[in-house]
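Here's the structure, in structure tokens; my notes come after.
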Amino acid sequence: MQMEGFGLFGLGLLFFGFLLFVVHIMVCVWAFKDARRRGRSPEFALLVLLAILFFPILGLIVYVLIREM
């Protein structure tokens, strides 16, 4: 029997993608707030936000490495 549409597997993939999107947005917000809380300038915090928004894994790794400086 052929299933039409996404089926259960497609629905699971859609949910997983949405979950990853929400986690990505939460990480962006966390990094922005963390940069501001550590006394960095608003421009630096915005740069961190954009870096993590467009380069999620690499941007987060770089930010975690330079945040202690």
Exercise. Identify, by number, the condition in (1) open to solvent by 60 Å² or more (accessible area, probe 1.4 Å); (2) touching a Cys at 6+ places or on another chain (Cβ under 8 Å) that L19 doesn't meet.
Key: (2)
Quiz prompt | Residue check for V48: in contact (Cβ under 8 Å) with a residue 12 or more places away in the chain, open to solvent by less than 80 Å² (accessible area, probe 1.4 Å) and not acidic (D, E) | solution = yes
Self-check item: Any helices (runs of 4 or more DSSP H) falling wholly within the chain and containing at least 2 residues that are of a type in the set (D, E, K, R)
Solution: 7-37
Practice problem: Six or more apart or on different chains, Cβ under 6 Å: which pairs go from a residue in segment 5-26 that's closer than 23 Å to I57 by Cβ to one that's in a helix (DSSP H, G or I) and open to solvent by less than 100 Å² (accessible area, probe 1.4 Å)? Could you list them? | Solution: H24/P56
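The values are calculated or read from the model by the stated rules, or taken from the named source; none is laboratory data. As the structure is a prediction and not an experimental result, all values here were calculated from the model. A quick note on method: Cβ atoms are made from the backbone with ideal geometry, for glycine too, and the neighbour counts reach across all protein chains shown. Remember, those area values only see protein heavy atoms, side chains included, never the ligands or the DNA or RNA. Shrake-Rupley method; radii C 1.70, N 1.55, O 1.52, S 1.80 Å.
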